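Here is the structure we will look at.
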Amino acid sequence: MGLLIGLALILVAADLAHPRPLPTLSAGNPGSLPEPSTNPTASTVVPTAATPEPEEDETVRKPIVEKVRRAALPAAHTPARHGDTSGSYLIGQRTLVEDYCGWGWVRKEGEGWNKGRWIAIEYDPEVCPVPHAFLPRPQDDKDYLYQLYGDFAPYRAYEPQADVWVEIFLIRGFLSLGPAKDTVRRDPPHHGSAKPNRFAERGANLR
Amino acid sequence: MNRRLALALLIVLCPELSWAYDIVLISGGPALRSHERFKVNTHDRYWGNFVDSTLARVKELRKEFGPDDKITWLVFRPGYIRRGLEEKQDYLKILEERGHLHGLTPIYFDDKDQLFTLLQRNGSPEKPLIARLEYYGHSNKKCWMFDYSNRVDGGAIETQVVHVDDLENISGSSFTPDAKCVSYGCHSGEEFSQRWRMIVGRPMVGAVGKTDYSAGGLPKLSEGKGGSWAY
């Protein structure tokens, strides 16, 4: 009998303890969608044919004024040497790949680019900025060579277009070697899976 | 037997103990303009995209929920510090002031491990179960990226992303049985939502296509790509 009373109490308690149902959200909000189906594939739910008019209290922003100022010097005025340039170094060639995380290729002195490593650079502005920080635009030192001083970080960077991990170089100094004779004719890791035409129908896989 | 009976009586007599629940809103950090300014697909012209949208949502939630309902606002701190250094602004102070206007104090996290800890719940008054979770920030179909294009150009630091492979660190027992989750990042509905449902065990609504924060208020699906919301 005691056992039955206990079970009954637990059942009642479980019923009462169930959290209050959440209120439904306004129409068009993803929170108001119906319960998911058991189909393992993604089920498209709400088409967004028309953009609703802004509500009365909704913020509509004014155009943003850029606050970050860059240098106005031409590429030739990049400092020849900056930061701590003592100790071992890597040869780095600035390489630009649209919509792909990273700074470019590095290799050891005397090695070929076939043994090069694709890196992202992390910097402390008070130690040493990336070389292109001295230029009007980041692409102004495309295919320039540098001696890069620093170390590889113990963590990696996530490259969102190709879903791969990229090595990070913590820069503490650089020496400019001027323009390279040729571009590095090699794609960064898994770049093929991130090329624009691969996912053209849905656009770049990021915002 | 006596212990079980006592527990059942406790739950019956003090139902508020197990009724406590939490609404968790997560704001990721902005990119640096020095990385993004000259890109074709530029991001985060405005530093507070993910702050304003979260607070706009709070305003909406306040209308629907009672004044005593608890909302927890988790903010990725390093992103706002670095963006503030770049633009010579104290964005943490500004976002705290904005949160105060909505009766919210941000709880900061610096990496994914801290976020996982903050999401560990047991239903006690100190750690109420999560009834609703929403994410505002950068993402792709496999990953929430709190510091996208901030410490490194065009990418995110390993310790500051939640990849689908990390989802095992989030326990379904931290959520109420009918918890609702929404990711307002881009492309989450293409894979992240499904993996969340499989691993965490709660449905998550995510975008197929991009989301757009540029107009303020809640993010909208970008126009022209045929985007939609999906589980």
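For the stretch A:76-179, with all protein chains present and a 1.4 Å probe, just round the carbon and sulfur fraction of the accessible area to a whole percent.
Numbers: 2190 of 4440 Å².
Here it works out to 49 percent.
Rolling a 1.4 angstrom probe over the protein heavy atoms, how many square angstrom per residue are accessible across the stretch B:126-171? Spell out each step's value before the answer.
Values: 1030 Å² over 46 residues.
Heavy-atom accessible area per residue stands at 22 Å².
Mind scanning B:Lys127/B:Lys180; A:Lys115/B:Lys142; B:Lys180/B:Lys220; B:Lys39/B:Lys210; B:Lys180/B:Lys210; A:Lys115/A:Lys181 and naming the pairs with a C-alpha gap bigger than 23 Å? Intermediate results must be reported in sequence, preceding the final value.
Numbers: B:Lys127/B:Lys180 18 Å; A:Lys115/B:Lys142 30 Å; B:Lys180/B:Lys220 19 Å; B:Lys39/B:Lys210 17 Å; B:Lys180/B:Lys210 21 Å; A:Lys115/A:Lys181 18 Å.
Result: A:Lys115/B:Lys142 exceed 23 Å.
Among the aspartates and glutamates, select those whose C-alpha is under 20 Å from the C-alpha of A:Lys67, and discard any that sit fewer than 8 residues away in the same chain.
Correct list for A:Lys67: A:Asp124, A:Glu126, B:Glu36, B:Asp44, B:Asp52, B:Glu86, B:Glu87, B:Asp90, B:Asp147, B:Asp153.
Can you tell me, using C-alpha contacts under 8 Å and at least 6 residues apart, the relative contact order of the stretch A:76-179 as a whole percent? List each step's numbers first, then the result.
Numbers: 223 pairs, mean separation 37.2, N = 104.
Relative contact order for the stretch A:76-179 comes out at 36 percent.
Got a number for carbon plus sulfur as a percent of the stretch B:153-231's accessible area, 1.4 Å probe? Intermediate results must be reported in sequence, preceding the final value.
On the way: 1070 of 2290 Å².
Roughly 47 percent of what the probe reaches on the stretch B:153-231 is carbon or sulfur.
What does the charge count around A:Val184 come to, taking other residues whose C-beta lies under 13 Å from its C-beta (Lys +1, Arg +1, Asp -1, Glu -1)?
Numbers: positive: A:Arg94, A:Arg107, A:Lys115, A:Arg117, A:Lys142, A:Lys181, A:Arg185, A:Arg186; negative: A:Glu111, A:Asp143, A:Asp182, A:Asp187.
Charge balance in the 13 Å sphere: +4.
Quick check for you: which residues of the stretch B:135-153 have the amide N under 20 Å from the point 7 Å beyond the Cα of A:Asp187 toward its beta carbon?
B:141-142
In Å², what does the accessible area per residue of the stretch A:76-179 work out to with a 1.4 Å probe? Don't skip to the answer; put the middle values down first.
Numbers: 4440 Å² over 104 residues.
With all protein chains present, the stretch A:76-179 gives 43 Å² per residue.
Relative to the first principal axis of the alpha-carbon coordinates of chain B, what is the inclination of helix B:49-64, with its axis defined by its Cα atoms, in degrees from 0 to 90 and to the nearest 10?
Rounded to the nearest ten degrees, it is 30.
At a probe radius of 1.4 Å, figure out the A/B buried accessible area, summed over both chains, and give it in Å² to the nearest 100. All intermediate terms of the calculation are to be shown ahead of the outcome.
On the way: alone 15640 and 12050 Å², together 20650 Å².
What A and B bury together is about 7000 Å².
How much accessible area does B:Glu158 have with a 1.4 Å probe, in Å² rounded to the nearest 10?
Accessible surface of B:Glu158 is approximately 40 Å².
The values are calculated or read from the model by the stated rules, or taken from the named source; none is laboratory data. Predicted, not measured: the structure shown is a model, and the values here were computed from it. Using ideal geometry, Cβ is built from the backbone for each residue, glycine included, and neighbour counts are taken over all protein chains shown. Accessible surface areas use protein heavy atoms only, side chains included; no ligands, DNA or RNA. Shrake-Rupley method; radii C 1.70, N 1.55, O 1.52, S 1.80 Å.
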